[in-house]
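To start, the structure itself, in structure tokens.
The values are calculated or read from the model by the stated rules, or taken from the named source; none is laboratory data. What you see is a predicted model; the values in this text were computed from it and never measured. Because the Cβ atoms are built from the backbone with ideal geometry, glycine has one as well, and the counts that use them run over all protein chains shown.
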Amino acid sequence: MGIAAVKKILIFTVPLLVLAGAFFFIPQVEQLSPAHKELLLIAPYLASVTGMFLAVHFHRGRPFTALLLSSLFYYVYKTFLQYETSGYTFQSVYFSFALLLPFNFAMLAMMRERGILSIAGRLRFLALVIEAFLAWFACRHYAESLLPPLTRKIFAAGLFDRLLLPQPVLFFALLMLLIISALTVRRQAPIESGFMGAMTALLIAFNSLGAQYNVAIFCTAAALTITLSILQDSYNMAFRDDLTGIPSRRALNESLHGLGRRYVIAMLDVDHFKKFNDTYGHDVGDQVLKMVAKKMFDVRGGGKAYRYGGEEFTILFSGKRLADALPHLEEVRRVIEEYRLSIRSNDRPKDEKQGESKRGSKAGTTEVSVTVSIGVAESGDEQRTAAEVIKAADKALYRAKNRGRNQVCC
């Protein structure tokens, strides 16, 4: 399974697990003691404050804003929506949150991270204040004319009748959720995934106003999902290579601490990479590194790939002997050698419409291939340290290069 496929699967894992946990917890509420029930009712605040603290620490303005908005909704629910169930005032406040919360989550998902107290961050908070004022003004002066279109039925279906949100508001919220989900799939980023899971949980909370514990559970799930997304994002920054998407050298160093007595380390280097970069440019060089990383990520035999630095990579086989790892390293070398990378020629039209006539043909493109040299060493019976094994693998890599490159040497 490739890097992209793995990331697409993992990006949905945390939101799905948190939502599943929320649904599982609902039947258990009645078994809680009164003290634990009281704690449950403040759990959304605790989860949000924890997430906001992490957002401040890691300078993440978008999740900080999302947590602030979800906390505000829960506060308004506890102080007003829980006790008012009808009337223009209830509908105005309820629909304002049901419309503006999904809208703001979608906007946050579209934005790039700019910090909390930066100029962009301050403008974001100013926009929220203006938005709140406009919502208040519209509800105060135009509620009677705005509410009928928001509450009318579009489809006569029993499923929608069981939901508190009227169909126009629900469809708008689902459209915003669809936009967030599309951005999550496209970017494969934890923060967008957190917004998607949190928005799903909040939509469930919007339709659960009559059950205060359910609202508390799903508001907690929303805050927890965003909080975990901050931790995921911070982990990726520390332990994932931005360009290739595979674990970085820091992650390799962490893995080396937990090795047993038997392991194999392979050092891999792209042959003539500097010459390739000088000939085709750094953008194409980045494509090469991504391709090599992808092929390495698919290595079999229990190997795990890391980017060591520059055009150098590492594959770690924990619990394996040299003879076990060699066939899989040879397969990686062969797959990379046989791969043909298409490069857009300078005379090929860059405009999409102009290039349609040439799409699917070889015109305007150049196919190139790259090779790699691999040096490999094992811990051995003498129990060398990981640093010594890496040094031995480096020496083997130089032997592979001196012997003509594009080969595996021990």
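Table for the structure above
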| quantity | calculated |
| --- | --- |
| Arg249 being basic (Lys, Arg), over 23 Å from Asp324 (Cα atoms) and touching a residue at least 60 places away in the same chain (Cβ under 8 Å) | yes |
| Residue among Leu81, Leu100, Leu108 that alone is crowded, with 16+ Cβ neighbours inside 10 Å, without any contact (Cβ under 8 Å) to a residue 60 or more places away in the chain, touching a helix residue (DSSP H, G or I) at 6+ places or on another chain (Cβ under 7 Å) and not charged (D, E, K, R) | Leu100 |
| Among residues of segment 133-145, those that are without any contact (Cβ under 8 Å) to a residue 12 or more places away in the chain and either small (Gly, Ala, Ser) or surrounded by 14 or more Cβ atoms within 10 Å (Cβ to Cβ) (or both), counted | 2 |
| Residue in segment 151-161 that is farther than 14 Å from Tyr94 by Cα, part of a helix (DSSP H, G or I), in the same structural domain as Asn207 (by TED's automatic domain parsing) and in contact (Cβ under 8 Å) with a residue 40 or more places away in the chain present | no |
| Tally, over segment 371-407, of residues that are in contact with a helix residue (DSSP H, G or I) (Cβ under 8 Å, 6 or more places away or on another chain), crowded, with 22+ Cβ neighbours inside 10 Å and not charged (D, E, K, R) | 7 |
| Candidates Leu164, Leu177, Leu203 - the one that is assigned by TED's automatic domain parsing to the domain that holds Ile226, closer than 18 Å to Tyr74 by Cα and at pLDDT 90 or above | Leu203 |
| Segment 42-69 - residue that is closer than 12 Å to Gly115 by Cα and of a type in the set (A, V, I, L, M) and, of those, nearest to the chain's Cα centre (by Cα) | Ala55 |
| Check on Ala182, closer than 14 Å to Tyr94 by Cα and either of a type outside the set (Gly, Ala, Ser) or part of a helix (DSSP H, G or I) (or both) | no |
| Only one of Tyr213, Tyr235 that is of a type in the set (Ser, Thr, Tyr) and out of contact with any Pro (no Cβ under 9 Å at 6 or more places or on another chain) | Tyr213 |
| Criterion (within 25 Å of Ser48 (Cα to Cα) and surrounded by fewer than 16 Cβ atoms within 10 Å (Cβ to Cβ)) met by exactly one of Ala201, Ala238, Ala205 | Ala238 |
| Ile42 vs. criteria at pLDDT 95 or above, assigned by TED's automatic domain parsing to the domain that holds Ala201 and surrounded by fewer than 16 Cβ atoms within 10 Å (Cβ to Cβ) | yes |
| Search result, residues across segment 373-393 that are of a type in the set (Val, Ile, Thr) and outside any strand (DSSP E or B) | Thr385, Val389, Ile390 |
| Hits in segment 192-220 (condition: small (Gly, Ala, Ser) and within 20 Å of Leu165 (Cα to Cα)) | Gly197, Ala198, Ala201, Ala205, Ser208, Gly210, Ala211, Ala216 |
| Long-range neighbours under 9 Å by Cβ, at least six apart or interchain, first residue assigned to a helix (DSSP H, G or I) within segment 114-131, second hydrophobic (A, V, I, L, M, F, W, C) and exposed (fewer than 15 other Cβ atoms within 10 Å of the Cβ) | Ala120/Met111; Arg124/Met111 |
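Per-residue answers, yes or no, for (1) closer than 23 Å to Ser373 by Cα; (2) of a type outside the set (A, V, I, L, M, F, W, C):
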residue	(1), (2)
Leu224	no, no
Leu231	no, no
Ser234	no, yes
Pro247	yes, yes
Arg250	yes, yes
Arg262	no, yes
Ala266	yes, no
